[in-house]
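One structure is given here, and the rest of the page talks about it.
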Amino acid sequence: MAISTSTSCRNPTSSLYKAYISSFNPIRIPFNFDKFSVSPSARKPASISCYLPLEEKEPCKLKVSQRPDSLGRFGKFGGRYVPESLIYALTQLESAFHSLAGDADFQKEVNGILKDYVGRESPLYFAERLTEHYKRSNGEGPDIYLKREDLNHTGACKINNAVAQALFAKRLGKKRVIAETGAGQHGVAAATVCARFGLECIVYMGAQDMERQSFNVHRMRLLGAEVRAVHSGTGTLKDATSEAIRDWACNVESTYYLSGSVAGPHPNPLMVRQFQSVIGKETRKQAMEKWGRKPDVLIACVGGGSNAMGLFHEFVDDDDVRLIGVEAAGFGLDSHKHAATLTKGEIGVFHGTMSYLLQDDDGQIVETHSISAGLDYPGVGPEHSFLKDIGPFKRLSRLEGIIPALETSHALAYLEKLCPTLPNGAKVVLNCSGRGDKDVQTAIKYLQL
Ligand SMILES: Cc1ncc(COP(=O)(O)O)c(C=O)c1O
């Protein structure tokens, strides 16, 4: 599988931040930030208001784990670049977040649902046969543990964030919830919590994604959600997100936008990170119980980045814990058909935030490609890409009896490179971000099962 990594991410804001997509044209930002200012000639659509200053006026003294600053900035990244009509809703959300974060009753409610409905805490499982598989010929190698987010209700990490945000929607008096989804896991999580709390749910999903993840489309509909097909663009996550933002801008009074990852305008990256950070907090406690110290290495796949931030956040100030985010490199980093935003992207503004983006010389977003999107391209390339990717998928299924999501398989694939380099007994925790039920049809198509 082609993967790219951002390793030893001491600063999660610079190395783990992947841009989301925008319903608007992105603003291309020159690399030299010192000299940057918003020029009238920038490709800036009329509907975007640049709400925050582009430069940090004073160097921020916050520790990495305490970011973002009060303006929602992680250094030069983040911020809030949205149409005027959304500023009020985001400010309201930010106030609600700060007051509810310290509200004991709210926390109790969230924790109760995470325990009794989601099934937390998720186990930290010693993958004995996988560990054995990666032992060197002298019998040495790291110990591999899986943080079993796939065992959560609905089968992925996405539910942690969805539960807390649905409770937010209720507290804010919103009865209509919208969400975007790519693989369908966040859509299923949103539909699930809306059913649980009696909220109307509309999920935007790219038409192509609806076809290849039809299992999750049926799940969402069974749960009572309306799934709206998005045919524009490439009919994938970026187009679904664009439609969700359009809907929100038109219906902001009545509607709560339940976003699925740590992208988008402030306070979204902060909020989603906070709601997913239960993963890392549990991991620290479980590591202490199991082997009496912190893990040495944490690994997670990076799409928008929520499961990775959920695992990493607890450890970003620990210099002795190595953090590895694994991106999809599709056909290869030089192929222009990949989703390796952190590795190959340039800085820009997209979907309300400043981050790394895959963009062309005109600042237009380029089409991304990863394993599932690769099935659209006939011929040897996609098959080759798929078969490489399916290896870790099959390996975990056969060695541990755990069928991982294809997203998770990207992180698993990195074990091939990593394990030979680690000392004997090093403790590796890999975030098993979701289960692979949704990918079984894809696997059947390509594997001789
Ligand atoms: C199982 C699973 N893991 C990981 C991801 C990637 O998202 P993120 O990077 O926000 O965790 C997704 C996205 O749909 C997913 O379904």
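The values are calculated or read from the model by the stated rules, or taken from the named source; none is laboratory data. Bear in mind the structure is a predicted one, so any value in this text is a computation, not a measurement. Note: ideal-geometry Cβ built from the backbone for every residue, glycine included; neighbour counts use all protein chains shown.
At-a-glance table
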{"quantity": "Filtered residue count, region 295-331, keeping only those that are within 16 Å of the ligand (Cβ to nearest atom), in a loop (DSSP other than H, G, I, E, B) and out of contact with any Pro (no Cβ under 9 Å at 6 or more places or on another chain)", "calculated": "5"}
{"quantity": "Contacts under 8 angstrom Cβ, first residue in region 303-319 being over 18 Å from T343 (Cβ atoms), partner crowded, with 24+ Cβ neighbours inside 10 Å and hydroxyl-bearing (S, T, Y), 6 or more apart", "calculated": "S306/S261; N307/S433; L311/T283; E314/T283"}
{"quantity": "Count - residues of region 196-212 that are within 19 Å of W248 (Cβ to Cβ) and free of Cβ contacts under 8 Å to residues at least 24 places away in the same chain", "calculated": "0"}
{"quantity": "Which listed residue is away from the ligand (no atom under 15 Å from the Cβ) and modelled with pLDDT of 95 or more, from G292, G352", "calculated": "G292"}
{"quantity": "Test: residue in region 186-208 that is closer than 30 Å to L418 by Cβ and surrounded by fewer than 24 Cβ atoms within 10 Å (Cβ to Cβ)", "calculated": "no"}
{"quantity": "Which numbered condition T343 fails, given (1) assigned to a helix (DSSP H, G or I); (2) out of contact with any strand residue (DSSP E or B) (no Cβ under 9 Å at 6 or more places or on another chain)", "calculated": "(2)"}
{"quantity": "Single unsatisfied condition, E383 versus (1) within 30 Å of N138 (Cβ to Cβ); (2) of a type outside the set (V, I, T); (3) away from the ligand (no atom under 15 Å from the Cβ); (4) modelled with pLDDT under 85", "calculated": "(1)"}
{"quantity": "Test: residue in region 111-122 that is out of contact with any Gly (no Cβ under 6 Å at 6 or more places or on another chain), within 16 Å of the ligand (Cβ to nearest atom), at pLDDT below 95 and closer than 28 Å to W248 by Cα", "calculated": "no"}
{"quantity": "Filter pass, A42 being among the hydrophobic types (A, V, I, L, M, F, W, C), modelled with pLDDT under 80 and surrounded by fewer than 13 Cβ atoms within 10 Å (Cβ to Cβ)", "calculated": "no"}
{"quantity": "Contacts under 7 angstrom Cβ, first residue in region 424-438 being touching a residue at least 40 places away in the same chain (Cβ under 8 Å), partner hydroxyl-bearing (S, T, Y) and away from the ligand (no atom under 16 Å from the Cβ), 6 or more apart", "calculated": "K427/Y145; V428/Y145; V429/Y145"}
{"quantity": "Candidate set: region 247-283, residues that are surrounded by fewer than 16 Cβ atoms within 10 Å (Cβ to Cβ) and not in a loop (DSSP other than H, G, I, E, B); chosen: the one farthest from the ligand (Cβ to nearest atom)", "calculated": "C250"}
